[in-house]
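The values are calculated or read from the model by the stated rules, or taken from the named source; none is laboratory data. Only a predicted model underlies this, so the values are computations on that prediction, with no experimental measurement involved. Because the Cβ atoms are built from the backbone with ideal geometry, glycine has one as well, and the counts that use them run over all protein chains shown. Side chains included, ligands, DNA and RNA excluded: accessible areas come from the protein's heavy atoms. Shrake-Rupley method; radii C 1.70, N 1.55, O 1.52, S 1.80 Å.
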Amino acid sequence: MFHTLEKKYVSLQSEAREFAKIIEPLAVEADNMSEMHPGVLAAFRDSQLSDLMVPAGFGGRFDTVDPMAICVVREVLMGTSAHVDSLFALQGIGSYALTTAGSSAQCEKWLPKIARAEAIPALALTEPEAGSDLKSVSTSFEKAGDGFILNGKKSFISNASCATFFVVFAREAETYSMVLAPAETPGISITPSPEIIAPHVLGEVEFNQVHLPAGSRIGDPGDGLKLVLATLGVFRASVAGAAVGLASAALEEAVRHTRSRVQFGRPLSRLGPVAQLLADCWTEIEMARLLTYKAASIASRDPDSALNMSSMAKLGATETASRVVDRCVQVMGRWGLVRDSKIERLYRQARPMRIYEGSSEVLRLGIAKELTELVE
């Protein structure tokens, strides 16, 4: 609200807001679904926002993927619908390894489809026994004749049930690689993940003797971990943007309510304890927004050096969103508890943000490690 954005980002915000108006009537239904909402997907394709996720050479909007652009759009979309925010974000999260290390054949086949939202990617990292500790993955990628065989299980994978292709993090010999596996490949099976408190398109993915051609690896052998970290460096900042958008939307709901609700002869917003909570919310949101935009700016200029600042932004913004939405429910009283009201949906959606794409505790470990290495 107080940060001056470049003209192109202001224009993108306006574009995202117009799209959000189209999505708003679908938001309650979509946010309660664990499968892709067809109306949201159709509207998303019409919006052309997916072209932000690939370089101009493959049908994208800008010369390179711009983390600040993604951040400001997610800030708008998350304040309207978590379902559409996830759809937008995963177009980039699932394809960024291709953008940075894919072969010409891989990029020419898939990235134009990503730009038009004709293909839906899924990034397959976590496993039943491997979450934050990615080095403990057991999914294997092994040479077999002229191609490869992929075996393993991936768990809680976003977009699993609607994915056109999977980008899979797997062991290759003594190292880790990224693998591209089209979803229709024989041997790939998908079952639903357990329902979570804020429904999300999630699935369990099994790769059972999946035969893949020679050109299936993304980048060189051993590039897997580097590509994961590159993806996180760019897209963690956008999670922070989404968290800022969620917190802002919650505060707007609380302000509308407390301004019109009269108790003890005056609007709730004029009662001391409520006014203090509102003021704290606004202050913390603006602090989180500044850190988020700083992280996105760094990622835009130098993605390779962005991971630490993106981690701080994600940590700060998601923790802020949880505090803010909890206060907003509190000042709205019983009206904050109404099932499927906007504030109630935001309350449920805030909680998973402190876990996915790096839990707060794991992020703190990495941030502290970086700090102790910097101080002489």
Only one of Thr258, Thr320, Thr292 is over 25 Å from the mean Cα position of the chain (by Cα), of a type in the set (Ser, Thr, Tyr), assigned to a helix (DSSP H, G or I) and crowded, with 22+ Cβ neighbours inside 10 Å. Can you tell me which? Thr258
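Listed here are the residues, each with its yes/no results for (1) touching a Phe, Trp or Tyr at 6+ places or on another chain (Cβ under 6 Å); (2) polar (S, T, N, Q).
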residue	(1), (2)
Ser47	yes, yes
Pro67	no, no
Val73	no, no
Met78	no, no
Leu90	no, no
Thr100	no, yes
Glu127	no, no
Gly131	no, no
The conditions are (1) more than 21 Å from Ser322 (Cα to Cα); (2) open to solvent by less than 30 Å² (accessible area, probe 1.4 Å); (3) not small (Gly, Ala, Ser), and Asn208 fails exactly one of them. Which is it? (2)
Failed item, numbered, when Gly152 is tested on (1) touching a helix residue (DSSP H, G or I) at 6+ places or on another chain (Cβ under 9 Å); (2) crowded, with 20+ Cβ neighbours inside 10 Å: (1)
Considering every residue within region 355-371, establish whether at least one is in contact with a His (Cβ under 9 Å, 6 or more places away or on another chain), closer than 26 Å to Ile196 by Cα and β-branched (Val, Ile, Thr). no
Out of (1) of a type in the set (Val, Ile, Thr); (2) touching a Leu at 6+ places or on another chain (Cβ under 8 Å); (3) surrounded by fewer than 19 Cβ atoms within 10 Å (Cβ to Cβ); (4) assigned to a strand (DSSP E or B), the one Ile196 does not meet is (4)
Pull up region 224-255, narrow it to residues that are open to solvent by less than 10 Å² (accessible area, probe 1.4 Å) and among the hydroxyl-bearing types (Ser, Thr, Tyr), then point me to the one that is nearest to Ala124 (Cα to Cα). Thr231
Taking region 12-23 and keeping residues open to solvent by 70 Å² or more (accessible area, probe 1.4 Å) and within 10 Å of Val73 (Cα to Cα) leaves Arg17
Just the residues that are in contact with a helix residue (DSSP H, G or I) (Cβ under 6 Å, 6 or more places away or on another chain), open to solvent by 10 Å² or more (accessible area, probe 1.4 Å) and within 17 Å of Val167 (Cβ to Cβ), please, taken from region 70-100. Ile93, Tyr96, Thr100
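For a quick check of your reading: which helices (runs of 4 or more DSSP H) sit entirely within region 66-110 and have at least 1 residues that are touching a Leu at 6+ places or on another chain (Cβ under 7 Å), closer than 13 Å to Ala16 by Cβ and modelled with pLDDT of 95 or more? Working first, answer last.
Working: elements: 67-78, 82-93, 96-101.
Counting at least 1 such residues, we get 67-78, 82-93.
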